[in-house]
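Q: Below is a structure I'd like to ask you about.
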Amino acid sequence: MNEKISIGTVIAGPGEKVSGYLSIGYKPASEYSIPLTIINGINDGPILTIISGQHGTEYVGICAAIEIIQRVDPKKLSGAILVLPVVNAAGFEQRSRLAFPIEDEFSGTRNINRIWPGDQNGSLAHVTIHMVFNKVVKRGQYLFDIHGGDIYESITSCVLVPKIGSEVDPAVLGIAEAIGFDTIIEVQNARGYSITEAGLAGITSFAVSAGDSGRLEEKFVEELVAGLMNSLRHLKMIEGAVELRKNYRLGYEVVKIKSRTGGLFYQRVPVGTIVQKGQKIGEIISMDGRILESVHAVESGLLFESFCNPAVNTGETLGEIALLRS
Ligand SMILES: [Zn+2]
């Protein structure tokens, strides 16, 4: 941009890449802040925010954001990219799966991707989201929210696009095609999610996920980074040929497969499989090996997510099926 960008103490002039911290508040004995990098392009263009690590053990997503910081040259960038690689730094530091690990006023911990747009007068979890949304995301026209196979989940690489009202913004679908994954899923009525709340604020937003069980695997990082760099070319922020993937599966609704009893869930069908309604997915067995429950697909579609820990309680989600447009 032909002007400097200042967010708190992080200031980047045209053609500069500057890293620092966004101050959120205080812990009992120290300041609490999260990493922030501003890549300010030499040429004018849109402002795009990349966030990852809302879930602090999704290392593939976090590493993909760090790779973007490394690979994008501000001297060859039009517009600016604001990167928050570890939004849930507390969870990252404590290796705490999913939730922000500091209690929300003695009422347990929170999945911070359910409390957008946050609250400046709330606990650290709420203030984090308030600051990320108001000080960073709202400065831009685009939000990329990168996830990456938390330590409890096995998930098909996919792009999640928010349905605002009855529509998916065509601009979001264009970027999703540039990411190039074979699965795009529409997310409906998901208030409190980053992509919905940013979408309602007029920011073109989507989430993307790749990776499995919290393992930091290069092939998934590269899959994400290649898609993200292609989408930057699609937005004309960096130069180069663009590839748009037109042959993808489009999911329009997600249904859960729930347990009716507790035990050990033995999943027999891997994530990524197209299943038919009624098809056996696995069984829940007792501690002496008796089959307590046979688990079946509740609908036909793509078994796109399941949960890695086989020790299950009554009434828990075992997996999720995306219903596909034909
Ligand atoms: Zn996540």
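The values are calculated or read from the model by the stated rules, or taken from the named source; none is laboratory data. Remember, predicted model here, so these are calculated numbers, not experimental data. For neighbour counting, all protein chains shown are included, and Cβ atoms are generated from backbone atoms with ideal geometry for every residue, glycine included.
Q: Would you please list the contacts, defined by Cβ atoms under 7 Å and residues six or more apart or on different chains, that run from a residue in the range 171-183 that is more than 16 Å from L324 (Cα to Cα) to a residue that is aliphatic (A, V, I, L, M) and surrounded by fewer than 21 Cβ atoms within 10 Å (Cβ to Cβ)?
A: Hits for this filter: E177/L244; A178/V242; A178/L244.
Q: Mind listing whichever residues of the range 5-47 are surrounded by 14 or more Cβ atoms within 10 Å (Cβ to Cβ) and not in a strand (DSSP E or B)?
A: Residues of the range 5-47 that are surrounded by 14 or more Cβ atoms within 10 Å (Cβ to Cβ), as a first pass: 5, 7-8, 10-24, 32-43, 45-47.
Selection gives G8, G13, P14, G15, G41, I42.
Q: Looking at R97, R110, can you tell me which residue is modelled with pLDDT under 95, within 13 Å of the ligand (Cβ to nearest atom) and of a type in the set (K, R)? It would help to see each step written out before you state the result.
A: Working: R110 fails: within 13 Å of the ligand (Cβ to nearest atom).
Of the residues listed, the single one that is modelled with pLDDT under 95, within 13 Å of the ligand (Cβ to nearest atom) and of a type in the set (K, R) is R97.
Q: Anything in the range 144-200 that is within 25 Å of E316 (Cα to Cα) and of a type in the set (G, A, S)? List them, or say none.
A: G148, G149, S154, S157, A190, G192, S194 - these are the residues of the range 144-200 that are within 25 Å of E316 (Cα to Cα) and of a type in the set (G, A, S).
Q: Based on this model, can you work out whether Y26 counts as within 16 Å of the ligand (Cβ to nearest atom) and either more than 20 Å from I129 (Cβ to Cβ) or aromatic (F, W, Y) (or both)?
A: On the way: within 16 Å of the ligand (Cβ to nearest atom): no; either more than 20 Å from I129 (Cβ to Cβ) or aromatic (F, W, Y) (or both): yes.
When the stated conditions are applied, Y26 does not pass them.
Q: For the range 70-84, does any single residue satisfy the condition of being assigned by TED's automatic domain parsing to the domain that holds G240, surrounded by fewer than 22 Cβ atoms within 10 Å (Cβ to Cβ) and within 30 Å of S123 (Cβ to Cβ)?
A: Among the residues of the range 70-84, not one is assigned by TED's automatic domain parsing to the domain that holds G240, surrounded by fewer than 22 Cβ atoms within 10 Å (Cβ to Cβ) and within 30 Å of S123 (Cβ to Cβ), which makes the answer no.
Q: Separate question: Within the range 129-161, which residues are more than 15 Å from the ligand (Cβ to nearest atom) and either touching a His at 6+ places or on another chain (Cβ under 6 Å) or polar (S, T, N, Q) (or both)? Quick ask: steps written out before the conclusion?
A: Taking the range 129-161 first, the residues more than 15 Å from the ligand (Cβ to nearest atom) are 130-131, 133-142, 161.
Correct list: N134, Q141.
Q: In addition: Go through the range 184-216 and report how many residues are in contact with a helix residue (DSSP H, G or I) (Cβ under 6 Å, 6 or more places away or on another chain) and without any contact (Cβ under 8 Å) to a residue 40 or more places away in the chain.
A: 1
Q: Could you check, for the range 210-218, whether at least one of its residues is within 16 Å of the ligand (Cβ to nearest atom), farther than 27 Å from Y21 by Cα, of a type in the set (D, E, K, R) and modelled with pLDDT under 95?
A: yes
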